[in-house]
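Step one of this worksheet: look at the structure below.
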Amino acid sequence: MSNKPDCIFCKIAAKEIPAEIVYEDDSIIAFEDANPQVPVHTLIIPKDHYDSIADNVPSELLAKIFSNVANVAKIKGVRESGFRTVVNTGDEGGQTVHHLHVHILGGAALPIHMGPAD
Ligand code: AMP
Ligand code: ZN
């Protein structure tokens, strides 16, 4: 497994720091966001470190992550009601933790906002 020193999500994947784990298998882990923006706010990450979705992530791993989005949404009870999947990438994309992660947001009707930050 490839880890990056001082990466907080690598530490969660290695169980070096705690997280509320929702789902885990050999290559990915889903856990609750520590600062939820909506009632359901769960993150899916690869256990291996990739800075972002723009970091030459193997397509099999991307498939693994995204094919588990609906699975994690089901575990969280929002598969039927609907949810939003967000992947912030890089500085202008609003990424603050530089280990690839997919947000699953739900449990409330979400506003549509795709424009620049005000
Ligand atoms: P982003 O802005 O897309 O990089 O999102 C990073 C997310 O990681 C934010 O929603 C944070 O609340 C969340 N986060 C940061 N540190 C932790 C942590 N130790 N455990 C769980 N979630 C975290
Ligand atoms: Zn990492």
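Computed from the coordinates by the stated procedures, all read-outs in this text should not be read as laboratory data. Everything numeric here is computed off the predicted structure, so don't read it as measured data. With ideal geometry, Cβ positions are generated from the backbone for all residues, glycine too; neighbour counts draw on all protein chains shown.
Of all residues in the range 35-63, those being among the small types (Gly, Ala, Ser) and under 12 Å from the mean Cα position of the chain (by Cα) number 1. Residue count for the range 98-114 satisfying the condition of being under 21 Å from Ser52 (Cα atoms) and loosely packed, with under 14 Cβ neighbours inside 10 Å: 1. Applying the criterion of being within 12 Å of ligand 1 (Cβ to nearest atom) and aromatic (Phe, Trp, Tyr) to the residues of the range 1-45, the residue that is surrounded by the fewest Cβ atoms within 10 Å (Cβ to Cβ) is Phe31. Among residues of the range 12-41 that are closer than 11 Å to Val72 by Cβ and touching a residue at least 40 places away in the same chain (Cβ under 8 Å), those with a Cβ under 7 angstrom from a residue that is among the aliphatic types (A, V, I, L, M) and near ligand 1 (Cβ under 7 Å from one of its atoms), sequence gap 6+ or separate chain, pair up as Ala30/Leu43. Residues in the range 35-53 that are within 11 Å of Phe9 (Cβ to Cβ) and among the aliphatic types (A, V, I, L, M): Leu43, Ile44, Ile45. State all residues of the range 86-105 that are more than 8 Å from ligand 1 (Cβ to nearest atom) and not small (Gly, Ala, Ser); if no residue qualifies, say none. Result: Thr89, Asp91, Glu92, His99, Leu100, Val102, Ile104, Leu105.
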